1. Residue-wise, which Karplus ³J(HN,Hα) couplings in Hz belong to region 15-21, taking 6.51 cos²θ - 1.76 cosθ + 1.60, θ = phi - 60°, and x for glycine or proline?
2. Roughly how many debye, to the nearest 20, is the charge dipole of the chain about its Cα centre, given +1 on each Lys and Arg Cβ, -1 on each Asp and Glu Cβ, and no other charges?
3. List, in order, the whole-Hz ³J(HN,Hα) value for each residue of region 39-50 obtained from phi through the Karplus relation with A = 6.51, B = -1.76, C = 1.60 and θ = phi - 60°; use x for Gly and Pro.
4. Let me check against my output: what whole-number percent is the relative contact order of the chain, with C-alpha pairs under 8 Å and at least 6 apart?
5. What length, rounded to one decimal in nm, is gained on full extension from I25 through to R42, with 0.36 nm per residue of separation minus their alpha-carbon distance?
6. Once the convex hull of the alpha carbons of the chain is built, what does its volume come to per residue, in cubic angstrom?
7. Spelling out what I want: for every residue of region 58-72, take phi, set θ = phi - 60°, compute 6.51 cos²θ - 1.76 cosθ + 1.60 (Karplus), and round to whole Hz; glycine and proline get x.
8. Carbon and sulfur atoms: what percent of the 1.4 Å accessible area of the chain do they account for?
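The values are calculated or read from the model by the stated rules, or taken from the named source; none is laboratory data. A quick note: this is a predicted structure, and the numbers were derived from the prediction, not measured. Counting neighbours? That spans all protein chains shown, and the Cβs are built from the backbone with ideal geometry, glycine included. SASA here: full protein model, heavy atoms, side chains in, ligands and nucleic acids out. Shrake-Rupley method; radii C 1.70, N 1.55, O 1.52, S 1.80 Å.
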Amino acid sequence: REAALLLQEERYPGALEALQTAARIEPTRPDFHYRIAQVYERMGSLHSALDEVRQGRLLDTAAGARSQDAWVRRLEDALFGH
């Protein structure tokens, strides 16, 4: 909840810290990694965003991981110009 409020206020470093703490407390939840990736993307840190999406996919169900394919492609295209 704290992260959501901070995101609404565009306080990205604080939101990132709150989400990273949540991910450490519940390390098997892919949604935290996806939310961290969203924050990194908003901050312009596309490499970190891609790393977090990939981490989330490793923890997610097969269907959940596949649902992130377009996001991964978009980040890779932005970074590597595929």
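1. Rounded to whole hertz, the list is 5, 4, 4, 5, 5, 5, 5.
2. 140
3. 5, 4, 5, 4, 7, x, 9, 5, 4, 5, 4, 4
4. 22
5. 3.8 nm
6. It is 84 Å³ per residue.
7. For region 58-72, the Karplus-derived couplings read 5, 8, 7, 5, 4, 5, x, 5, 4, 5, 9, 3, 5, 5, 4 Hz, x marking Gly and Pro.
8. The value for the chain is 49 percent carbon and sulfur by accessible area.
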